[in-house]
Amino acid sequence: MADHAVSDHPAVQAQLDRLWSLSPGADILGLERITTLLDRLGNPHRALPPVFHVAGTNGKGSTCAFLRAAMEADGKSVHVFTSPHLVRFNERIRVAGQLISDDALARYLERVLDIAEGVDASFFEVTTAAAFLAFTEHPADACIIEVGLGGRLDATNVIANPVVCGIAQLGIDHQAFLGDTLAAIAAEKAGIAKPGAPLVTQRYVESLFPVMMDAVARARTSWIGQGDGWDAAAYRDRLHYRDEQGRLDTPLPRLAGAHQVQNAALAFAMLRHQNAVPLSEAALKAAPLWAHWPARLQRLDHGPLLAPLPDATAAWLDGGHNAGAGEAISAFFTSDRLEGQKLQLVIGMLANKDVDAFLSPFAGRIAHVHALPVPGHEHHEAERFAAIATRWGIGCTAHEEPTGAIRAVAALGEPAPKLLIGGSLYLAGEILRLNDQLPD
């Protein structure tokens with residue numbers, strides 16, 4: 001889908017308008033269209049710096065952030081392709097450590113769109129081709145590529161020779177494209193496995209072992225899973241990692257949430273099971289504190305959006321929207337962190353997301369639900385959230401936009417309310433824009 005991307009830069013917006021006219025932006029998985037685009041561009045994906053390819057239901061973006069942090073701590077120059085963006089389209093393409101400029105972005109989109117007629121390429125496919133073109137034409141030591149949707153048929157899977165592939169947490173999401181069982185989803189994600197590139201994964205239930213073994217057998221590579229080839233845990237406020245190369249003791253991640261320990265460790269495991277981009281132990285130890293990934297249990301500043309709230313307000317933002325994300329986010333809000341209070345929940349979710357699966361871990365931790373639409377997208381109506389609130393014995397209020405929800409929380413008169421805003425990365429981007437916290 002086109003993510004309703006807009007830009008305040010006229011040249012970028014002109015290319016986005018062209019993209020809308022050439023393509024419906026449909027999510028139709030397959031490699032035929034991206035292969036045609038790249039062939040017309042001279043196959044830039046075959047000349048990329050060493051590629052670290054990352055998939056997963058939850059945590060793949062955070063894993064990319066830890067990979068980037070480790071490499072940059074060692075003085076490496078890194079290209080990064082991630083999705084979706086939160087506020088600015090440029091966030092998807094980081095060239096040698098910097099967000100792509102508007103002028104460069106407009107030029108690369110134009111070059112792709114100039115050769116795209118008749119391909120019916122999707123928004124994501126055009127964006128992927130533009131990123132690969134930019135990455136090929138600028139030197140860097142490494143390239144971090146996040147899968148967009150699934151893995152096997154994702155546009156990024158045209159990369160034939162990554163140095164290592166990683167898969168973060170698996171869960172049920174995007175069932176219309178990937179299947180409605182964990183095994184089916186795992187098979188799609190594991191489709192990124194390539195010959196000679198170790199497939200490094202987090203810990204999975206034993207029922208998925210045959211799926212992973214089949215994937216690496218087909219790809220003629222090896223599977224290095226957590227609990228077998230490597231392992232990690234938090235202990236006494238440190239991250240303890242180990243594999244056949246030895247032990248690594250680092251600070252805990254600056255990114256909030258116990259789940260980030262496993263995402264950082266997956267990045268360590270990927271880095272330590274490849275030889276193309278050697279890193280110092282000091283760089284690995286720096287990565288947990290250097291990594292930054294907005295809208296993932298991000299503590300919001302007291303910016304323009306939050307101005308009506310007391311200065312002592314603790315407000316967190318997270319774009320998670322599935323069962324695994326709900327469990328991880330809820331686990332962050334321990335009784336100690338909440339200090340005897342319950343959360344004011346401001347939430348909006350896309351219509352194709354399972355509201356009950358996401359919210360069930362929060363039962364007993366929410367004081368009131370403030371329901372929002374997700375502008376520009378099909379979304380759950382306020383009545384859907386109200387039904388859950390009624391089961392929990394709490395209230396639910398519908399708001400047209402985030403400022404109304406924030407004013408409602410402020411009207412409660414609590415000296416130090418606890419606030420969680422979440423349910424959608426698209427909504428999270430709007431929150432960051434309104435609060436003047438643009439990702440960089």
Item to check | Vicinal HN-Hα couplings computed from phi for the range 68-73 (Karplus, 6.51 cos²θ - 1.76 cosθ + 1.60; Hz; Gly/Pro x) | outcome: 4, 4, 5, 5, 5, 5
Next on the checklist: If you average 1/r across every pair of different Cα atoms in the range 1-122 and take the reciprocal, what Kirkwood value do you get, in Å?
Outcome noted: 15.9 Å
Checklist entry - Which residues' amide hydrogens lie under 5 Å from the amide hydrogen of His368, considering only partners 5 or more residues apart or on another chain, with H built in the peptide plane? => result Leu345
Checklist entry - Based on Cβ point charges of +1 for Lys and Arg and -1 for Asp and Glu, what charge dipole magnitude is obtained for the range 1-112 about its Cα centre, in debye rounded to the nearest 20? => result 280 debye
Next on the checklist: Please list the three semi-axes, largest first and in whole Å, of the ellipsoid equivalent to the chain, using sqrt of 5 times the eigenvalues of its alpha carbon gyration tensor.
Outcome noted: 33, 27, 21
Checklist entry - Using a probe of 1.4 angstrom, how much of the accessible area of the chain is carbon and sulfur, in percent? => result 50 percent
Item to check | Accessible surface, the range 14-85, averaged per residue in Å² (probe 1.4 Å) | outcome: 35 Å²
Checklist outcome for this item: Checked the range 12-83 with the C-alpha gyration tensor, a ≥ b ≥ c its square-rooted eigenvalues, rounded below a/c of 1.5, otherwise prolate if a/b is larger than b/c and oblate if not; verdict prolate
Checklist entry - Taking the Cα centre of the range 330-440 as the origin, how large is its charge dipole in debye, to the nearest 20, when only Lys and Arg (+1) and Asp and Glu (-1) carry charge on their Cβ atoms? => result 320 debye
Checklist entry - Can you tell me the Rg and Dmax of the range 370-440, counting just the alpha carbons, in angstroms? => result 13.1, 41
Checklist entry - Once you sort the root eigenvalues of the Cα gyration tensor of the range 314-440 as a ≥ b ≥ c, which label holds: rounded (a/c under 1.5), prolate (a/b larger than b/c) or oblate (the other case)? => result rounded
Item to check | Projected-area mean, the range 82-229, by convex hull of Cα positions, square nanometres | outcome: 10.1 nm²
Checklist entry - When the Karplus curve 6.51 cos²θ - 1.76 cosθ + 1.60 is applied with θ = phi - 60°, which whole-Hz ³J(HN,Hα) does each residue of the range 227-236 get, with x for Gly and Pro? => result x, 10, x, 7, 7, 7, 7, 8, 8, 6
Checklist entry - Can you give the calculated 222 nm mean residue ellipticity of the chain, where each DSSP H run of n ≥ 4 adds -39,500 (n - 2.57) and the sum is split over every residue, rounded to the nearest 500 deg cm²/dmol? => result -10500 deg cm²/dmol
Item to check | Loop GluC sites (Glu not before Pro), the range 357-440 (other Cβ atoms within 10 Å of the site Cβ: 11 or fewer; DSSP) | outcome: Glu378, Glu381, Glu400
Checklist entry - With charges only on Cβ, +1 for K and R and -1 for D and E, what is the dipole size of the range 395-440 about its Cα centre, in debye, rounded to 20? => result 140 debye
Item to check | Surface accessible to a 1.4 Å probe, per residue, for the residues of the range 307-374, Å² | outcome: 35 Å²
Next on the checklist: From the phi angles alone, apply the Karplus equation (6.51, -1.76, 1.60; θ = phi - 60°) to the range 98-107 and give each ³J(HN,Hα) in whole Hz, x where the residue is Gly or Pro.
Outcome noted: 10, 4, 4, 6, 4, 4, 5, 4, 4, 5
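The values are calculated or read from the model by the stated rules, or taken from the named source; none is laboratory data. None of the values given here were measured: they were computed from a predicted structure. Positions of Cβ are backbone-derived with ideal geometry, glycine not excepted, and every protein chain shown enters the neighbour counts. Note: areas computed on protein heavy atoms with side chains; ligands, DNA, RNA excluded. Shrake-Rupley method; radii C 1.70, N 1.55, O 1.52, S 1.80 Å.
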